[in-house]
Amino acid sequence: MAGTTIVGAGNYSLEIDTGFLQDAFLLDDATAGVLNNTTYVLNGTTNYATVTTGVNNIVVKRGRRDQGDQFSAGTMVFNMLDTSGLFNPFDTNSPYYDPTTAQPGLAPMRHVRFARYDNTNTKQYLFNGYIVNYDYNFALGGIDTVTVYCADDFYLLSQTYLNEYNVSEELSSVRLSAVLNLPEVAFPVAQRNISTGTQTLGGSAAFTVAAGTNVLQYCTQINSAEQGRLFMSRDGDLTFQPRVGNTLSGSVADFHDDGTNIPYDEIGIS
């Protein structure tokens, strides 16, 4: 089975984007610089390095505490034993070091993903996000360790600000998509899972979005008007779900203090 086996927990895989453009178009290169080829492209794609075997602790936090709370950014913190010094930021001989940009393999804004393999050997992602910070701890006479702090795409939205935006009267889901389409946001379409909203948002001059408005805060306002759910899925998709209708069914149990049905001794409300 793929991944690294964790005793009593299954097989897991922790991968970090090394930052290397493995198929980027290069001017004046005899192979990578050929025009109109489909192998080497302008943007290029990067490799992922599996680092699970060096990790001794992973903590993932996603979701919300109470049903009425808004979802916050998902986070992941993991600790690695750097026995070979491969993630030492000063090791220019590390296989993860990029000499063209003089950047270490472990750097802020590198993509990171954590997954578990189910009993059919299918990868199920538990977290998709970015490295936002890391602490490298040099141990004199011992094993160096590195603690890596990660957050999902809500973190990126929280660091982005809007230009003045004149809105139109439209459904909450349409407004959210329009915001994500703005050039200063440019959130990838492939990473969206937006369901049709139920509430129409105002579109007069009074609803004009001021320049400097935080993108995540405004998206949260849209969700609050809908009373829906806005969150980053474990696959890394920005997910918007509308308000829930009448989902309550008939009672399935009756508690009585008169000796009938299901008895109880006390009741509390919190």
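Does VAL189 meet the test of being exposed (fewer than 13 other Cβ atoms within 10 Å of the Cβ) and closer than 20 Å to PRO242 by Cα?
Against the criterion (exposed (fewer than 13 other Cβ atoms within 10 Å of the Cβ) and closer than 20 Å to PRO242 by Cα), VAL189 qualifies.
Could you tell me which residue of the range 199-220 is farthest from the chain's Cα centre (by Cα), considering only residues that are more than 15 Å from VAL174 (Cα to Cα) and among the polar types (S, T, N, Q)?
Going through the qualifying residues, I end up with SER204.
(1) surrounded by 20 or more Cβ atoms within 10 Å (Cβ to Cβ); (2) assigned to a loop (DSSP other than H, G, I, E, B); (3) in contact (Cβ under 8 Å) with a residue 60 or more places away in the chain: which one isn't true of PHE87, the others all being true?
Result: PHE87 passes all but (3).
When you check VAL209 against the structure, is it hydrophobic (A, V, I, L, M, F, W, C) and within 23 Å of SER72 (Cβ to Cβ), yes or no? I'd like the intermediate steps shown before the answer.
Details: hydrophobic (A, V, I, L, M, F, W, C): yes; within 23 Å of SER72 (Cβ to Cβ): yes.
Judged against the criteria, VAL209 is a match.
In this structure, does ASP69 turn out to be charged (D, E, K, R) and more than 21 Å from the chain's Cα centre (by Cα)?
On the way: charged (D, E, K, R): yes; more than 21 Å from the chain's Cα centre (by Cα): no.
The answer is no for ASP69.
Would you mind finding the one in ALA73, ALA49 that is of a type in the set (Gly, Ala, Ser) and assigned to a loop (DSSP other than H, G, I, E, B)? Spell out how you get there, then give the answer.
Details: ALA49 fails: assigned to a loop (DSSP other than H, G, I, E, B).
Just a single option satisfies the conditions, and that option is ALA73.
Any idea how many residues of the range 59-73 are over 16 Å from SER158 (Cα atoms) and of a type outside the set (Asp, Glu)?
Restricting attention to the range 59-73, the residues satisfying the condition of being over 16 Å from SER158 (Cα atoms) are 59-69.
In the following step, the residues that additionally are of a type outside the set (Asp, Glu) were identified as 59-65, 67-68.
Residues that pass the stated criteria total 9.
With the structure loaded, tell me whether PHE154 is part of a helix (DSSP H, G or I) and not small (Gly, Ala, Ser) or whether it fails that test.
Details: part of a helix (DSSP H, G or I): yes; not small (Gly, Ala, Ser): yes.
Considered against the rule, which asks whether it is part of a helix (DSSP H, G or I) and not small (Gly, Ala, Ser), PHE154 comes out as yes.
I'm checking my understanding of the structure. Among residues of the range 90-113 that are closer than 21 Å to ALA139 by Cβ and of a type in the set (A, V, I, L, M, F, W, C), which one is surrounded by the fewest Cβ atoms within 10 Å (Cβ to Cβ)?
Per the stated criteria, the residue is PHE90.
Could you tell me how many of the residues in the range 174-186 are under 20 Å from the mean Cα position of the chain (by Cα) and touching a residue at least 40 places away in the same chain (Cβ under 8 Å)?
The qualifying residues number 3.
So if I check each of LEU182, LEU176, LEU171, LEU157, which one is surrounded by 12 or more Cβ atoms within 10 Å (Cβ to Cβ) and in contact with a Gly (Cβ under 6 Å, 6 or more places away or on another chain)? Quick ask: steps written out before the conclusion?
Details: LEU182 fails: in contact with a Gly (Cβ under 6 Å, 6 or more places away or on another chain); LEU176 fails: in contact with a Gly (Cβ under 6 Å, 6 or more places away or on another chain); LEU157 fails: in contact with a Gly (Cβ under 6 Å, 6 or more places away or on another chain).
When all the criteria are applied, what remains is LEU171.
Which of the residues spanning the range 114-133 are surrounded by fewer than 21 Cβ atoms within 10 Å (Cβ to Cβ) and either in contact with a Pro (Cβ under 7 Å, 6 or more places away or on another chain) or not in a loop (DSSP other than H, G, I, E, B) (or both)? Spell out the reasoning first.
Going residue by residue through the range 114-133, those that are surrounded by fewer than 21 Cβ atoms within 10 Å (Cβ to Cβ) are 116-126, 130-133.
Matches in the range 114-133: ARG116, TYR117, LYS123, GLN124, TYR125, LEU126, TYR130, ILE131, VAL132, ASN133.
Values quoted throughout were computed directly from the atomic coordinates according to the rules given, and no laboratory measurement underlies them. These numbers come from a predicted model, not from an experiment. Every residue, glycine among them, receives a Cβ derived from its backbone with ideal geometry; neighbour counts consider all protein chains shown.
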